[in-house]
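The values are calculated or read from the model by the stated rules, or taken from the named source; none is laboratory data. What you see is a predicted model, and the numbers here were worked out from it, not measured in a lab. Every residue, glycine among them, receives a Cβ derived from its backbone with ideal geometry; neighbour counts consider all protein chains shown.
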Amino acid sequence: MTERRYRRVLAAATVVGLGLRLAWVAWASRAPTGPNAFFLDPARYLGYGDQIARGHGMVEGLTGDPTAYYPPGYPWFVGIVDWASSPITDAAWLAVAYVQVVLGTASIVLCAHVARRLAGPVAGVVAAAVFGIYPNLIFHTGVVLGETLYNFLFLAFLATLLHRPWTVAFTTRRALACGLLLGLAIMVRPISLAVIPVVIGCWVLARKDHAVVLRWSAALLVGVVACIAPWTIRNAVRLHAFVPISTNTGDNLCIGHADGATGAFQTLEACQTDHEFLDGLPAELASDKEKQRIAVRGFIDNLDREPWLLWSRTYYTWIRDGDHDALFAVQLYRQDRWMAIPTESRLIRLADAIYWLVVAAGLVGCVQLVRSRRPEALALVGCALMTALVPLAFFGDQRFKVPVIPMLIIAGATLLHRPDPLPPPERATPTPTSNSTPTQTS
């Protein structure tokens, strides 16, 4: 495939993806309202965003106390969009959705770039086409949840990581840029911390010069720490506690490991504490620590159940519900059910059918990438594996696999491996001699 044709096909896939996202947002985006809306993620993100836009920082609206319950990346994104769009509209949820349209469309190009670097231009355009029309990624564009932002940041990290071969063309400056992008992704979903050893390990495989690998690794870590440290310092100052990123670890662990855990998201009696939500910051900090202790105790006391719970979490995340969670989220998890049931059912069937095709192709692609033993290919597979495994330490939910889908799309596209065409050979310049007439050779 020529460069010109590649760009044309990529542009077409990008335009289609943009059109689908714009149409979805125009039709499906709604303000999260309802009797219990405040306690659901979209409304809470908008609440934090409103406080940030007003200059108060990340503050719990009901108590007025500073909070670190959620990782700060997405609330701050919502707050910045809210602040920037306030002269134009009061519908912050709609402004967020349209910015996510831009991020989702840019992610199509990033996805194509990563696939092309791994397997050539055909893989690139196929990855772009699949990412552009993938239903649940489109559904997420219209809801106030962090998956679209996270996918954009993580794909930008992968595109930067794989943009140049890991030879002399890869510089310490590029490793620092990778660290900054990865750090921003971590501030949206801290699970991405797990990919750091994967990247460093693949660098070790690619380069025998340990000094170079050490320099790249240090630059990567500096970039990550530069994103996390300011928030950790803020928490030390405003919360008077050491909270590196968020205080919802206790909740997530307790749901997955306390007595009565089934592997799915549910309210457990064993996770109830004396700390009430409206009691403010001290209750938030104490509840997080107590629930972590409950989770550890539940893990130890029910060690024989852990293999079954791990399977159950895998089942609820990857198998039972397919991949259409944002279709429910845009209806406030069916508390504001405005979509006609037949329409919803058709969209669910379409989304799940494409999901299973992507999973099948992605798994085969991952196997092929591992068999190639190329460090860059192993980096993609390792990132996908860690992003899939870490959430299984908590509880099962189909939303937890959304960050892995772009990497499965890329891995599946690499099955169509067609290297970039080599540039035409340079013509040799003849050296004239006194006994011959200069001629061109090829």
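Observations on the structure shown:
Residues are listed down the side, and each one gets a yes or a no for (1) without any contact (Cβ under 8 Å) to a residue 24 or more places away in the chain; (2) in a helix (DSSP H, G or I); (3) within 20 Å of Trp338 (Cβ to Cβ):
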position: Val9; (1), (2), (3): no, yes, no
position: Gly17; (1), (2), (3): no, yes, no
position: Arg30; (1), (2), (3): no, no, yes
position: Leu46; (1), (2), (3): no, yes, yes
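- Here Asp259 fulfils each of the conditions (1) within 23 Å of Asn235 (Cβ to Cβ); (2) outside any helix (DSSP H, G or I) apart from (1).
- Sole residue being at pLDDT 90 or above, over 30 Å from Leu239 (Cβ atoms) and crowded, with 17+ Cβ neighbours inside 10 Å, chosen from Ala11, Ala43, Ala28, Ala68: Ala28
- Hits in segment 316-361 (condition: charged (D, E, K, R), surrounded by 14 or more Cβ atoms within 10 Å (Cβ to Cβ), modelled with pLDDT under 95 and more than 20 Å from Phe394 (Cα to Cα)): Asp336
- Residue match in segment 47-59 (condition: of a type in the set (D, E, K, R), surrounded by fewer than 18 Cβ atoms within 10 Å (Cβ to Cβ) and closer than 29 Å to Ile245 by Cα): yes
- Flag for Pro75 being outside any helix (DSSP H, G or I) and either under 24 Å from the mean Cα position of the chain (by Cα) or surrounded by 19 or more Cβ atoms within 10 Å (Cβ to Cβ) (or both): no
- Failed item in (1) of a type in the set (A, V, I, L, M, F, W, C); (2) touching a residue at least 12 places away in the same chain (Cβ under 8 Å); (3) outside any loop (DSSP other than H, G, I, E, B), with Ala84 passing the rest: (2)
- Any hit, segment 95-104, residues being closer than 21 Å to Ile191 by Cβ, surrounded by fewer than 24 Cβ atoms within 10 Å (Cβ to Cβ) and under 16 Å from the mean Cα position of the chain (by Cα): yes
- Boolean, Ile80 is farther than 20 Å from Leu278 by Cα, surrounded by fewer than 16 Cβ atoms within 10 Å (Cβ to Cβ) and under 22 Å from the mean Cα position of the chain (by Cα): yes
- Of residues in segment 294-315 being of a type outside the set (S, T, N, Q) and buried (at least 20 other Cβ atoms within 10 Å of the Cβ), the one nearest to Asp259 (Cα to Cα): Gly298
- Here Thr141 does not fit the description of being at pLDDT 95 or above, more than 16 Å from Val15 (Cα to Cα), out of contact with any strand residue (DSSP E or B) (no Cβ under 8 Å at 6 or more places or on another chain) and among the polar types (S, T, N, Q).
- Exactly one residue out of Thr273, Thr247 is surrounded by 14 or more Cβ atoms within 10 Å (Cβ to Cβ), over 29 Å from the mean Cα position of the chain (by Cα), β-branched (Val, Ile, Thr) and outside any helix (DSSP H, G or I), and it is Thr273.
- If you go through segment 169-199 and keep only what is over 22 Å from Val78 (Cβ atoms), in contact with a Phe, Trp or Tyr (Cβ under 8 Å, 6 or more places away or on another chain) and in a helix (DSSP H, G or I), you end up with Thr172, Ala175, Cys178.
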